[in-house]
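For reference, the structure is listed below as structure tokens.
Bear in mind that the values in this text are calculations on the coordinates, not laboratory data. Model, not experiment: these values are computed from the prediction. Neighbour counts run over all protein chains shown; Cβ positions are idealised from the backbone, glycine included.
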Amino acid sequence: MSGSSHVVVGAGLIGRRVARLLVDRGDRVTLITRRGTELPGARAVAADASDATALAAVCDHANRIFLCANPAIYSAEEWARVWPPIFRAAIAAARSAGAGLVVMGNLYPYGLPQGPMTEHSAERTTSRKGLIRKAGWEAVKAAHDAGEVRAVEVRASDYFGPGAGATALLGERFFVPVLESRVARVVGNPSLPHSWSYLDDIAATLVAAADYPGEWGRVWHVPSGEPHSQLKIAATLNAWFGTSGRVAPIPLLALRTMALFSPQLAGVLDESYQFRNPFVLDASETERMLGVRATPWEQSLRDTAQSYRAIS
């Protein structure tokens, strides 16, 4: 869809990358954030993603709307307040503009996995955040099924990549201690296989989903390669860089205690089942139908590690 007009809602780690991909291929891009964040080649607009009227006005001539908003909140109570109006506003804007709606999602709706999660796995979540995200996609899907909008959701596992920062579970709090030959404290069992989604691959899958000429109203998965345990990742880094970093789990009791005083850790605790069980993402259907592939693991891991070596 090169040369088309798109709106990207959110300029976080993923929204910025999506906007750059679209600008680089010659599309007209409007980037919406609360502060009007600027990005070379894109039009910056300051707007509230939950304000349906404001969002519809900005999206008036859009071909695609990418919902990449990521409010900087962690508690389930805040999620319950913030997310529903954002979904309603995005649906209304897409309906008004006749634009395709591409939603950035996660794996929370599946809940405790019963093996590798595919694009058609049952959504069995019982967690508070999982139910909120599940309800958001259900509202979007209902609007799609009613013929009001065309919509898809792209789901990724825990993200990593240069610049992922302190909020990523495979981010600063993991790489910096390991690369400094210290102990990285992690959630759950660090020996279990876990899928990790590279930030550039997430953006590429969102754009590919937006370009897909076939049926919409479905979920796509970000190609994430083979799963890797946190112990294996640390061992790889040590072998590459001559370090002696270690990984140790945060005791569950300690996590529960800390969660009483930290909304961020309370959210982590709610979803900690992802690290107490194998958590594997299967994106083979997405790879086959959208033609996207995961960045080779050694390349993505090494590039990410090098970015943290610069700050460690």
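Key figures for this structure:
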{"item": "Highest-fluctuation residue, Ile202, Ile250, Ile86 considered, GNM on the chain with Cα pairs under 10 Å", "result": "Ile250"}
{"item": "Viscosity 1.002 mPa s, temperature 20 °C, Stokes-Einstein D of the stretch 58-140 from Kirkwood C-alpha radius, µm²/s", "result": "155"}
{"item": "Fluctuation leader among Ser197, Ser75, Ser262 - the chain, Gaussian network, Cα springs under 10 angstrom", "result": "Ser262"}
{"item": "Cβ-derived FRET efficiency at R0 22 Å, Arg182 paired with Ala254, nearest 0.05", "result": "0.75"}
{"item": "Volume per residue that the Cα convex hull of the stretch 119-182 spans, once the total is divided by residue count, Å³", "result": "139"}
{"item": "Nearest-ten-degree value, helix 199-211 long axis tilted from longest Cα axis of the chain", "result": "30"}
{"item": "Burial ordering of Tyr308, Tyr74, fewest other beta-carbon atoms within 10 Å first", "result": "Tyr74, Tyr308"}
{"item": "Cα convex hull volume per residue for the stretch 138-218 (Å³)", "result": "129"}
{"item": "Shape metrics for the stretch 1-88, restricted to C-alpha atoms - Rg then Dmax, Å", "result": "12.9, 41"}
{"item": "Residue with peak Gaussian network fluctuation, the chain [Cα springs, cutoff 10 Å], from Arg35, Arg155, Arg246", "result": "Arg35"}
{"item": "Separation of the Ala139 and Glu226 label points, Cα + 7 Å toward Cβ, nm", "result": "4.2"}
{"item": "Size of electric dipole in the stretch 112-201: Cβ of Lys, Arg +1 and of Asp, Glu -1, about Cα centre, debye, nearest 20", "result": "400"}
{"item": "Full-extension gain in nm, Met289 to Ala239, via 0.36 nm per residue minus C-alpha separation", "result": "14.3 nm"}
{"item": "Around Pro296: net Lys/Arg minus Asp/Glu count, Cβ-Cβ under 15 Å", "result": "-4"}
{"item": "Dipole magnitude of the stretch 1-53, debye to nearest 20 (Cβ charges: Lys/Arg +1, Asp/Glu -1, about Cα centre)", "result": "160"}
{"item": "Dipole moment magnitude, nearest 20 debye, the stretch 139-281 about Cα centre, only Lys, Arg, Asp, Glu C-beta charged", "result": "620"}
{"item": "Given charges at Cβ of Lys, Arg, Asp, Glu: the stretch 76-131 dipole, positive-most of Ala89, Gly130, Pro113", "result": "Ala89"}
{"item": "Helix-only CD estimate at 222 nm, as mean residue ellipticity for the chain, using -39500 (n - 2.57) per DSSP H run (n ≥ 4)", "result": "-12500 deg cm²/dmol"}
{"item": "Degrees, to the nearest 10: 128-145 long Cα axis against longest axis of the chain", "result": "30"}
{"item": "Rg/Rg_globular for the stretch 22-68, with Rg_globular taken as 2.2 N^0.38 Å and Rg from C-alpha atoms", "result": "1.10"}
{"item": "Surface/4 estimate of mean projected area, convex hull on alpha-carbon atoms of the stretch 180-267, nm²", "result": "8.5"}
